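Note sheet for the following structure.
The values are calculated or read from the model by the stated rules, or taken from the named source; none is laboratory data. Computed from a prediction, not measured in an experiment: that's the story for all the values here. FYI the Cβ positions are ideal-geometry reconstructions off the backbone, even for glycines, and counts take in every protein chain you see.
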Amino acid sequence: MGEIRVFDTTLRDGEQSPGVSLNFEEKLEIAHQLARLNVDIIEAGFPIASTGDFEAVKAIAQEVEGPVIAALARATERDIERAWEALQFAEQPRIHTFIATSNIHLEYKLNKTQDEVLESAVKAVELAKSYTDDVEFSAEDSFRSDKDFLCRVVEAVIEAGATTVNIPDTVGYATPQEYGALIKYIKDNVPNIEEAIISVHCHNDLGLAVANSLAAMENGAQQIECTINGIGERAGNTALEEVVMALNTRQDYYTKLTDINLKEIYKTSKLVSSMTGMSVQANKAIVGENAFAHESGIHQDGVIKERTTYEIMEAETIGLSENKIVLGKHSGRHAFKDRLMELGYELDDDNLNQLFKRFKDLADRKKTFTDRDLEALVEDEINTIPQAYELVNVQVISGDRALPTATLRLETEEGVVTESAYCEGGPIDAVYVTIDQITGFNCELDDYAIDAITSGKDALGEVTIKLKYRDRLFIGRGVSVDIIEASAKAYLNAVNKIVYENGDLIADQKEV
Ligand code: KIV
Ligand code: ZN
């Protein structure tokens, strides 16, 4: 492990972001990518929360090699037993148990006295310890807790066997100076603190999560809990890429490093944003589209003369290659495969053939391909779930005086089906009504967003949508030079996820 341990909670706290719900395959794919990123600990989920979470934690524990795999459990017997059931096959399992310690939580949420909370915490750690040596305890809402009670709890759980003690700022209320001082206070006032790793977990309600985590580290914290792109409850958590790059870039000041494989940062960020449907703002530090762009003439001139005039990091460090034109219509299979390998994609023959065919079809409509285009194609093409409905082709008639009409051909289990429909809402609406007509579903469109992958008139358009089904949101994504086609693909992508997860139910009802 690095001097600073990176505990990634994208799949647990990150998945608690409003509107985000990852399926089993998506969680597994993200976990594999987190292992390539070389995080020290993956918090894979909260097994008691749902069967889906349980199954995902279990599969990650069985399949993902390298990092410690952690699962969250409240300080109760049922939660801890369920967490262990999911984790038991991991090479390095960690049970992460928690209970709140602030008076406000004790009084209004738990209805417990301090002594009762202390007793529950100790019992939980003892039970977790009977399953695995690696036990983390979190004192939820630590920052707003009575400091001396917090120290008592921390001392008692270490005595009971906790190997990591986490001091969360659950509501994102702390300032860096105060949070750093709290960590120092714990170090100075918990007699057995050297027997455990001090972890920090910050929320970003005031935009201070990264600053607070760094201040804590300066005062003795050895583990930082974070998420990719900073996603998470409300305003999110400490952003992994920001805290890691701060340590790396300001090594002269912080003098402590993580073991993160920096070259995987950009790819991980893209994967998480595409799977969660949470796009990254352009001016986001490290992974935003503008993070390494120079707009003003003075800056551009400076960078051309000497990069360090206006750049403190190199884009290549996080795996972001220069976005130059790499392939065109005449590029062959070899060049295509080589470039994908250089970008870090290892595809099997089937996927490669499929992708190359798609590239050739698109190359007739789009003259040049950059690395960003290729990344978008790969993410779009690699389907982790069966395709109940696949787009064969789409055609729309639209105009300021025409009634928008769509005709679609879809490959279905019953063969190719063709349908047309019109709709006053516009061409994309007409496409969606036609798809509903074929599938027999009536999906509620919760969100629709369109983005251009690169600039230029022939840029690839990327459409991300959210469909609501039984109070859950399903994210769909589609990429094409034609935005109508991209919209159709995104919708079908979400429908296929709904069918995959609710197959039996849908067969009975045919009504989404
Ligand atoms: O924010 C928080 O306090 C948490 C704990 C469960 C660690 O997420
Ligand atoms: Zn949290």
For region 336-352, which residues satisfy the criterion of being part of a helix (DSSP H, G or I) and either loosely packed, with under 14 Cβ neighbours inside 10 Å or without any contact (Cβ under 8 Å) to a residue 24 or more places away in the chain (or both)?
PHE336, LYS337, ASP338, MET341, GLU342, ASP349, ASP350, LEU352
Given the options ILE197, ILE224, name the one that is of a type outside the set (Phe, Trp, Tyr) and either in contact with a Pro (Cβ under 6 Å, 6 or more places away or on another chain) or crowded, with 24+ Cβ neighbours inside 10 Å (or both).
ILE224
When (1) without any contact (Cβ under 8 Å) to a residue 40 or more places away in the chain; (2) surrounded by 24 or more Cβ atoms within 10 Å (Cβ to Cβ); (3) of a type in the set (D, E, K, R) are applied to GLU241, the one that fails is (1)
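Considering ALA139, ALA160, ALA83, which residue is within 14 Å of ligand 2 (Cβ to nearest atom) and touching a helix residue (DSSP H, G or I) at 6+ places or on another chain (Cβ under 6 Å)? Break it down stepwise before answering.
Working: ALA160 fails: within 14 Å of ligand 2 (Cβ to nearest atom); ALA83 fails: within 14 Å of ligand 2 (Cβ to nearest atom).
Result: ALA139 is the single residue among ALA139, ALA160, ALA83 that is within 14 Å of ligand 2 (Cβ to nearest atom) and touching a helix residue (DSSP H, G or I) at 6+ places or on another chain (Cβ under 6 Å).
Could you please give the count of residues in region 193-205 that are more than 19 Å from the chain's Cα centre (by Cα) and within 15 Å of ligand 2 (Cβ to nearest atom)?
Here is the first cut: in region 193-205, the residues more than 19 Å from the chain's Cα centre (by Cα) are 193-200.
Then drop every residue that is not within 15 Å of ligand 2 (Cβ to nearest atom), which leaves 199-200.
Summing the residues that are more than 19 Å from the chain's Cα centre (by Cα) and within 15 Å of ligand 2 (Cβ to nearest atom) in region 193-205 gives 2.
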Pairs with Cβ under 6 Å, 6+ apart, first in region 1-21 and polar (S, T, N, Q), second within 11 Å of ligand 2 (Cβ to nearest atom) and in a loop (DSSP other than H, G, I, E, B):
GLN16/GLU233; SER17/GLY232
Residues (within 14 Å of ligand 1 (Cβ to nearest atom), polar (S, T, N, Q) and not in a loop (DSSP other than H, G, I, E, B)) located in region 1-48:
GLN16
Does region 44-58 contain at least one residue that is within 16 Å of ligand 2 (Cβ to nearest atom) and aliphatic (A, V, I, L, M)?
yes
So which residues in region 34-58 are within 25 Å of LEU467 (Cβ to Cβ), surrounded by fewer than 24 Cβ atoms within 10 Å (Cβ to Cβ) and not hydroxyl-bearing (Ser, Thr, Tyr)?
ALA49, GLY52, PHE54, GLU55
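Mind listing whichever residues of region 468-488 are aliphatic (A, V, I, L, M) and either over 18 Å from the mean Cα position of the chain (by Cα) or part of a loop (DSSP other than H, G, I, E, B) (or both)?
VAL479, VAL481, ILE483, ILE484, ALA486, ALA488
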Consider ASN166 against the criteria (1) outside any helix (DSSP H, G or I); (2) more than 16 Å from ligand 1 (Cβ to nearest atom); (3) buried (at least 16 other Cβ atoms within 10 Å of the Cβ): it satisfies all of them except one. Which criterion is unmet?
(2)
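Applying the selection to region 81-104, what residues are within 14 Å of ligand 1 (Cβ to nearest atom) and buried (at least 17 other Cβ atoms within 10 Å of the Cβ)?
Applying the first criterion (within 14 Å of ligand 1 (Cβ to nearest atom)) to region 81-104 yields 83, 94-102, 104.
Hits for region 81-104 are ALA83, ARG94, ILE95, HIS96, THR97, PHE98, ILE99, ALA100, THR101, SER102.
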Condition (residue is surrounded by 18 or more Cβ atoms within 10 Å (Cβ to Cβ), part of a helix (DSSP H, G or I) and not assigned by TED's automatic domain parsing to the domain that holds GLY478) applied to region 321-335: is it met by at least one residue?
no
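Considering region 197-209 alone, what residues qualify as being more than 13 Å from ligand 1 (Cβ to nearest atom) and without any contact (Cβ under 8 Å) to a residue 40 or more places away in the chain? Give the derivation first.
Looking only at region 197-209, we keep the residues that are more than 13 Å from ligand 1 (Cβ to nearest atom), and these are 197-198, 206-208.
The answer is ILE198, LEU206, GLY207, LEU208.
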If a residue must be under 14 Å from CYS226 (Cα atoms) and among the aliphatic types (A, V, I, L, M), how many such residues does region 11-30 contain?
1
